[in-house]
Amino acid sequence: MVKLIDTSNEYRKKIEINGQISEDSYCYYNSSSDSYSLYIRDNLVYEAIENKKISNIYKDFECIYFSKDSDLCDYIENAIVFSRFEYRMLCRFELDDWNNKFSLRDLFEKFHENLLLRNKSSNIKFYVDDDELLANGFGLVVKIDDFELTLNDLISQSMPLFTEIMQESINILNNVDSGLSMVFNFSEEIRTPCEQYLMYFSQFLSDLGVKATSEITHSDNATFFSVTPDSKDQALEVISNALVAYLSMPDELNTGLNIMNNKDIAVMQLESNILHFKSQLMLAQSIIQAKDATIQSLSLSNKQYQLLLDQNNRSDTENIIGNIVKVKEYDGKMFSVDLPKIVKNLKRILR
């Protein structure tokens, strides 16, 4: 049970939860709206309301404010503004501790750009507290349209997109002129085979004569995949083109790689990895009976592909990897793969 306790300040109230008074959380009275805003600063109060429905909470408070620790920034400030039916998530920064090779303005602009590319919902908008004082925070604002959600439900539905775009923006800025990165969202059932297939990309590059290292990291439910060439002289355009071709292979090469005769080890290993990847997804699909657990889990969306292009300032209308892969859009797909040519390239380099 939540109870408000008077203090020496007539506008400020302490909070009592089941007989225990919070030392840090408090309520503040707004005389103009005749309502209270709740400032959560400890687990005692948060745990008391996290599983309550929004429809019950908004009757008692005008706004709720709480923060969460984050590896992406100093902390994430959360605000639920019931008068606007909004949930705001802002990354806040201490400029004295800023030690990134990019500026806060760079991150602000890249986050905004990636949000426009990734977001498909009219209920999600970019939000900045003050575009002249970026350290005060910027992020997302989500329209609340289901008041039967609990506070935890609201956070679970909204926070992943926020953290994914922020992490993706940081990765891109960190890899400017040194590498590239992509973000994927795999269900738990298919995460392992998808990540295994991604990690073979370094060998695929090596067979094409490009030396690079790849790395997979995680943030919430997102998989972040980064590739860094061993030599700074190696053009990122070549790597991004190869990644487009590699990710499209399982979906496009439905007939397998056996159309080529006299295959050497590079081709056989590639074929083995694709077939293993497909078999693992088929197994997962039979277990979870999910229609979306298919090879398209690794397909690049139009917006993801645009992010690759943005990292290299390239047009999305030109051929990539010579005539092996051509960019075009049809039936929701973006790639046309010339399998014989890419296999010949693999063989030619290994001879």
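In the range 130-158, which residue that is out of contact with any Phe, Trp or Tyr (no Cβ under 7 Å at 6 or more places or on another chain) and farther than 26 Å from Ile49 by Cα is surrounded by the fewest Cβ atoms within 10 Å (Cβ to Cβ)?
Residue satisfying both the conditions and the ranking: Glu132.
Among the residues of the range 181-203, which ones are hydroxyl-bearing (Ser, Thr, Tyr), out of contact with any helix residue (DSSP H, G or I) (no Cβ under 7 Å at 6 or more places or on another chain) and under 19 Å from Met282 (Cα atoms)?
Those that are hydroxyl-bearing (Ser, Thr, Tyr), out of contact with any helix residue (DSSP H, G or I) (no Cβ under 7 Å at 6 or more places or on another chain) and under 19 Å from Met282 (Cα atoms): Ser187, Thr192.
Checking the structure you have, find out if any residue of the range 172-192 is at pLDDT below 85, surrounded by fewer than 19 Cβ atoms within 10 Å (Cβ to Cβ), under 21 Å from the mean Cα position of the chain (by Cα) and in a helix (DSSP H, G or I).
Taking every residue of the range 172-192 in turn, at least one turns out to be at pLDDT below 85, surrounded by fewer than 19 Cβ atoms within 10 Å (Cβ to Cβ), under 21 Å from the mean Cα position of the chain (by Cα) and in a helix (DSSP H, G or I).
Checking the conditions here, which among Asp131, Asp146 is in contact (Cβ under 8 Å) with a residue 60 or more places away in the chain and not small (Gly, Ala, Ser)?
Numbers: Asp131 fails: in contact (Cβ under 8 Å) with a residue 60 or more places away in the chain.
Only one candidate qualifies: Asp146.
Would you check if there is a residue in the range 237-260 being under 15 Å from Pro193 (Cα atoms) and modelled with pLDDT under 55?
no
Given the criteria out of contact with any Pro (no Cβ under 7 Å at 6 or more places or on another chain) and either outside any helix (DSSP H, G or I) or modelled with pLDDT of 60 or more (or both), does Gln269 qualify?
yes
Out of the residues in the range 100-144 meeting the condition of being part of a loop (DSSP other than H, G, I, E, B) and of a type in the set (Gly, Ala, Ser), tell me which one is nearest to Glu77 (Cα to Cα). Spell out how you get there, then give the answer.
As a first pass, look at the range 100-144 and keep what is part of a loop (DSSP other than H, G, I, E, B): 100-103, 119-123, 129-133, 137, 144.
From what's left, of a type in the set (Gly, Ala, Ser): 103, 121-122, 137.
Numbers: Ser103: 21, Ser121: 22, Ser122: 22, Gly137: 8 Å.
Among residues in the range 100-144 that are part of a loop (DSSP other than H, G, I, E, B) and of a type in the set (Gly, Ala, Ser), the one nearest to Glu77 (Cα to Cα) is Gly137.
Hey, which of the strands (runs of 3 or more DSSP E) in the range 1-85, taking only ones fully inside, have at least 2 residues that are of a type in the set (D, E, K, R)?
Of the strands (runs of 3 or more DSSP E) lying wholly inside the range 1-85, those with at least 2 residues that are of a type in the set (D, E, K, R) span 2-6, 12-17, 20-30.
Taking Glu164, is it assigned to a strand (DSSP E or B), touching a strand residue (DSSP E or B) at 6+ places or on another chain (Cβ under 6 Å), modelled with pLDDT of 85 or more and within 23 Å of Leu72 (Cβ to Cβ)? Spell out how you get there, then give the answer.
On the way: assigned to a strand (DSSP E or B): no; touching a strand residue (DSSP E or B) at 6+ places or on another chain (Cβ under 6 Å): yes; modelled with pLDDT of 85 or more: yes; within 23 Å of Leu72 (Cβ to Cβ): yes.
No.
The values are calculated or read from the model by the stated rules, or taken from the named source; none is laboratory data. As the structure is a computational prediction, the values presented were derived from the model and not from experiment. Note that each Cβ is placed from the backbone with ideal geometry, even for glycine, and that neighbours are counted across all protein chains shown.
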